[in-house]
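Undergrad: I have a structure here, written as structure tokens, and I will follow up with some questions on it.
Please treat every number below as a calculation from the coordinates, not as lab data. Small disclaimer: the values here were computed from a predicted structure and weren't measured. Cβ sites come from the backbone with ideal geometry, for glycine too, and all protein chains shown count toward neighbours.
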Amino acid sequence: MMMKWRLFKETGRPLSTAEGLAIDDTLPRSVDQHGSPPILHLYTFVPSAIVGKYQDIEAALKLERCKARGVEYNRRATGGGTVIMGPQVVALGLGINLDYPGIKNGVSGVFESLSQVLCAAVSRFGVKARFRPRNDLEVEGKKLAGLSAAAESGKALLFHTSLLVDFDIGLMLDIMNTPLIKIQDKGYSCFSQRITTFGQETGKRLSVTEVMDAIQEAFEEHFGIQFTQDRPDPWEQECISRLIKERYTNKDWIFSHKHPRARMGVGRVKTKGGLLEIYLSLAGGSIENLVITGDFFSTTEAVQRIESELKWTSARREAIEEKLGAIWKPDMIYGLDVPTLASAILQAKENQVRL
């Protein structure tokens, strides 16, 4: 008998950031705690800017420009960088068990496995896409989609992506603050050289519904399943309402992961896992305080453990690497290794000494 997954498909109205993100966060919880089969959520947002879990929203976005242009802003529960959403960008949330057949281990395995599905969906329009680590779906070097993931609920995973049917590059440039290090690293002066859309690649005016249908079919073929169109049940609705209240309309959540305002040394390194920003203060020759932010992929538990373990450690490379090596696990911060993290910390140390 063919396995059935649930499909939450919103084609009639774009969702607010609070509602869309709360529904997505509920998907893995329902799979892990409520006995649901995997759930795919396909929808669009109102015009909005959504930062990754570990970013400083005030550093990533020009909030006054967002307000002036009627653009919502919020913080999602998955890592990665800022995404600009709207009625012509397909948003996808997937809740699925980490050990589901066809899902490879680790963050890199999840991205590799699910990018295959998305590439198959894109190919239905005659477009050849490929996954480029760390988290982009690209067509001839141009970004068509960004991928993100997090495992907050037991053995279940939330996978996020946004696929550009059409895109307002002017809006993005007006409301985003882009670190110079990222522009220099990419080797281009304008983001429009690095972004593409379904419309540009096909030469056709596609609807978001057509793209959603192609995604649905690709998932069914890849996993050998059939979708049942569904809506959140009462247990899930209660979870959604709680997350809207406690997270997505809560300033403590939206404005968390702020860059420290005190005088601290800053280390910024563009790594394979994303932009890493280290804020550090010293007491004598030891690390008094350490804050890690950026657009990387990790878990809150892992980041907090690193910050805690390094407190009062000698600010010498050997001591830092020894302490990190004792706690380090694969994908603790996706795409990052101990020497790279130590280098970013030492850069922050040097800048702190100069203050």
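Undergrad: Using the Cα centre of the range 3-254 as origin and beta-carbon charges of +1 (Lys, Arg) and -1 (Asp, Glu), tell me which of Phe227, Gly154, Tyr73 is placed farthest towards the positive end of the dipole.
TA: Tyr73
Undergrad: Turning to a different aspect of this structure: Based on other C-beta atoms within 10 Å, arrange Leu94, Leu171 from fewest to most. Write down the numbers at each step before the final one.
TA: Values: Leu94 24, Leu171 17.
Starting with the residue having the fewest Cβ neighbours, the order is Leu171, Leu94.
Undergrad: Quick one: length gained pulling Trp328 to Thr249 fully straight, 0.36 nm per residue minus the C-alpha distance? Could you put the intermediate results ahead of the total?
TA: Numbers: separation 79, 0.36 × 79 = 28.44 nm, distance 3.44 nm.
My answer for the length gained is 25.0 nm.
Undergrad: Let me ask something additional. Can you order the peptides 71-79, 136-144, 323-331 by their average number of other Cβ atoms within 10 Å per residue, highest first?
TA: Numbers: 71-79: 22.0, 136-144: 18.0, 323-331: 13.8.
Answer by packing, highest mean first, reads 71-79, 136-144, 323-331.
Undergrad: Continuing with this model, one more query. Tell me what the chain gives for mean residue ellipticity at 222 nm when only DSSP H runs of n ≥ 4 count, each as -39,500 (n - 2.57), the sum divided by the residue total, rounded to 500 deg cm²/dmol.
TA: On the way: 13 runs with 133 residues, N = 355.
After summing the helix terms and dividing by residue count, I get -11000 deg cm²/dmol.
Undergrad: Same structure again: In the range 88-168, what chymotrypsin sites (Phe, Trp or Tyr not before Pro) fall in a loop by DSSP, with at most 16 other Cβ atoms inside 10 Å?
TA: Values: sites: Phe111, Phe125, Phe131, Phe159, Phe167; in loops: Phe125, Phe167.
Here the sparse-neighbourhood loop sites are Phe125.
Undergrad: Right, here's the next one. Order these by the 10 Å Cβ neighbour count, fewest first: His257, His222.
TA: Values: His257 20, His222 16.
So the residues, fewest neighbours to most, are His222, His257.
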